[in-house]
1. Looking only at segment 222-253, how many residues end up being at pLDDT below 95, out of contact with any helix residue (DSSP H, G or I) (no Cβ under 7 Å at 6 or more places or on another chain) and within 28 Å of residue 102 (Cβ to Cβ)?
2. Can you pull out the residues in segment 54-99 that are of a type in the set (Lys, Arg) and part of a strand (DSSP E or B)?
3. Can you pull out the strands (runs of 3 or more DSSP E) entirely within segment 138-251 that have at least 3 residues that are in contact (Cβ under 8 Å) with a residue 60 or more places away in the chain and hydrophobic (A, V, I, L, M, F, W, C)?
Amino acid sequence: METKLRRFLPLLFTGLFVLAAQSSSAQFRLKRLQPFEAKQGYMLSVNYGLYFPKADLATRFGWSSGIGLDVKFKTMSGWVIGGSYTWNFGKNVVTAEKHMFDSIVGSSGEVIDQDGLFSVIRLNERMHTMSFDAGRLFPVWKTNRNSGILCTVGVGAMYHRIDIYASKSKVPQVTNDYEKGYDRLTGGLMFSQYIGYQHLDVKKQMNFNIGFVMNEAFTKSLRTTQFDLRRYDDTKRFDVLSGIRLGVTIPIYTKKREDEEFFED
């Protein structure tokens, strides 16, 4: 997986460089056009990112991918308010967590299915983060007052678990309701920060965002029993997740009420 990541990162940064170059070219063209005055409206963004765990989260998972949706409202003065959701997924579950099956493995170290054969069990990461965000857009171009550095802070929740993939008919001891005793479902209060560049094109042809996101969560187990411990896990955790995120934005501009035109018969 690390080899694939090394191959993917150059492609990602090459794409970001191309977007930045196109943005600079677009801004150069804007100098010859009328200024794109500040507007208010909604910004809907579909994002993809690469995320890396820190603190207690790093003892359970490695790097992961994330697909998310942001819905924010921007005022004429640049203030931004809205919400965001991200679904993280990956195959990097650390080796230490695999010892939770020690009580049900055979002498070979493999899980034995109900037919007495070695069973294939795959462990994946699944995570959900959601937050209510507020911040401000700081324009950096005189000819485009709707593009610039976007900074937000938020509060919300983080939930993550280990997804256990195994045949339900062959390995019933780790599937269905029994999976809940091993999946490490964890959740709690989360704080988030984001800083990046938001580009809204005057011709609505190329709207994107790119930036860094940081999430810090105070979490604990949400399962009443952890089978390998044979008790409730009351450990308090501090999970940190950071990453780089790239998204496509769909702007929907609105008018202030005093700017609207009314017609009467």
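1. 8
2. Residues satisfying the conditions are 54, 72, 74.
3. 144-165, 208-221
The values are calculated or read from the model by the stated rules, or taken from the named source; none is laboratory data. Everything numeric here is computed off the predicted structure, so don't read it as measured data. Positions of Cβ are generated from backbone atoms using ideal geometry, with glycine treated the same way; all protein chains shown enter the neighbour counts.
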